[in-house]
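Reviewing the structure listed below.
The values are calculated or read from the model by the stated rules, or taken from the named source; none is laboratory data. What you are looking at is a predicted structure, and each value in this text was computed from that prediction instead of being measured. Don't worry about glycine lacking a Cβ; one is built from the backbone with ideal geometry, like all the others, and counts go over all protein chains shown. The area values use the complete protein model at the heavy-atom level, side chains included, leaving out ligands, DNA and RNA. Shrake-Rupley method; radii C 1.70, N 1.55, O 1.52, S 1.80 Å.
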Amino acid sequence: MQGTVDGFSYGAVTPLVAYLMACLGGALGLRCTTRSLLVTHSRRPAWLALGSAAIGSGIWTMHFVAMMGFTIKETPIHYDKTLTYASLGLAIVMVGIGVFIVGYRGATGTPLFTGGTITGLGVASMHYLGMAGVRFHGQFTYNTYTVAASVVIAVVAATAALWAAGQVRGFAWSVGASLVMGLAVSGMHYTGMAALGVHLDGATHPAGSGPAAASLAPMLIGPLAFLLIAGVVVVFDPLMVVGGPDWTPVEHKPGVPAAAVASHAAHGPAVHQEHGPVRRAGHHRPRTPQNR
């Protein structure tokens with residue numbers, strides 16, 4: 001017996017809020033990843049870890065906010081907490097692997113492809129593991145080709161997001177990239193839901209009691225609180241929050257172009273730590289005698 005599925009029980013509210021959650025997690029993650037490229041190596045892991053957790057939490061929150069509007073007309077649905085939280089952990093870990101690869105190897109070529117693929121597979125795995133935690137009197141079936149399309153969307157979206165994290169420096173550009181990322185992640189979710197079919201068992205069960213918002217809302221509190229804290233860290237001068245500005249000379253900072261180093265050096269004489277000013281090349285005294 002086929003079940004009747006409704007993924008929009010609250011109309012446009014859940015898709016819109018879910019999209020905003022994906023954008024928020026993406027924006028925070030991109031800013032943290034970009035920041036990691038401009039600080040010393042000792043602080044880089046902390047920023048990459050924060051960015052990974054923000055992206056993973058944002059994607060996971062997006063998924064389950066969207067699921068608040070999901071119902072099966074013929075039967076009530078519930079959620080297995082163990083699998084639901086496991087999907088959150090999986091998202092953070094796999095996104096983290098991809099982000100760390102790009103953070104240390106660069107957002108180009110093989111590292112970008114590898115990091116984007118791992119991150120995209122993490123997003124897709126989170127989605128389908130979360131769906132495996134849905135409990136009702138029946139089972140889900142999936143269209144293989146539509147599932148494959150959702151995985152491709154996830155990989156492309158993740159690769160584009162990691163590329164933006166490595167290339168985009170301005171805040172406005174990061175916001176734009178996060179909006180695109182949120183759209184892609186939401187598209188992946190609803191593509192995966194389009195692949196879904198519901199097969200009910202033959203027994204008679206009470207009709208569905210509406211969306212499972214009451215069971216999902218408590219599980220969303222933790223990730224939402226984390227995204228709020230991460231947002232505070234990013235907005236209020238994050239370098240000061242983590243322990244003061246980074247005074248490492250600009251030429252020693254990863255990700256700083258050579259032109260910036262030259263510009264920095266042109267503003268004043270080079271100074272040796274112990275022996276005072278060092279003369280620049282091109283300013284030697286004339287070798288020929290002055291008084292002939």
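Results, tabulated for the structure shown:
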quantity	calculated
Boolean, Thr4 is β-branched (Val, Ile, Thr), over 26 Å from Ala172 (Cβ atoms) and touching a strand residue (DSSP E or B) at 6+ places or on another chain (Cβ under 6 Å)	no
Conditions (1) out of contact with any Pro (no Cβ under 6 Å at 6 or more places or on another chain); (2) farther than 24 Å from Ala230 by Cα; (3) open to solvent by 30 Å² or more (accessible area, probe 1.4 Å); (4) of a type in the set (Ser, Thr, Tyr); number of the one not met by Ser42	(2)
Residue in the stretch 121-143 that is farthest from Val93 (Cα to Cα), counting only those that are assigned to a helix (DSSP H, G or I) and open to solvent by less than 40 Å² (accessible area, probe 1.4 Å)	Met131
Failed criterion for Ala148 (all others in (1) buried (at least 16 other Cβ atoms within 10 Å of the Cβ); (2) closer than 21 Å to Tyr190 by Cα; (3) without any contact (Cβ under 8 Å) to a residue 12 or more places away in the chain hold)	(1)
Per-region count, the stretch 22-48, residues assigned to a helix (DSSP H, G or I) and either touching a Cys at 6+ places or on another chain (Cβ under 6 Å) or farther than 26 Å from Ala66 by Cα (or both)	9
Residue within the stretch 181-199 that is in a helix (DSSP H, G or I), of a type outside the set (Lys, Arg) and more than 22 Å from Phe8 (Cβ to Cβ) present	yes
Residues (closer than 16 Å to Gly98 by Cα, open to solvent by 30 Å² or more (accessible area, probe 1.4 Å) and hydrophobic (A, V, I, L, M, F, W, C)) located in the stretch 156-185	Val156, Ala160, Trp163
Residue within the stretch 14-30 that is open to solvent by 10 Å² or more (accessible area, probe 1.4 Å), within 16 Å of Ser87 (Cα to Cα), in contact (Cβ under 8 Å) with a residue 24 or more places away in the chain and among the aliphatic types (A, V, I, L, M) present	no
Residues being within 24 Å of Phe8 (Cβ to Cβ) and either in contact with a Lys or Arg (Cβ under 8 Å, 6 or more places away or on another chain) or not hydrophobic (A, V, I, L, M, F, W, C) (or both) - total across the stretch 58-81	13
Residue satisfying condition, being in contact with a Cys (Cβ under 7 Å, 6 or more places away or on another chain), assigned to a helix (DSSP H, G or I) and among the hydrophobic types (A, V, I, L, M, F, W, C), within set Ala54, Ala18	Ala54
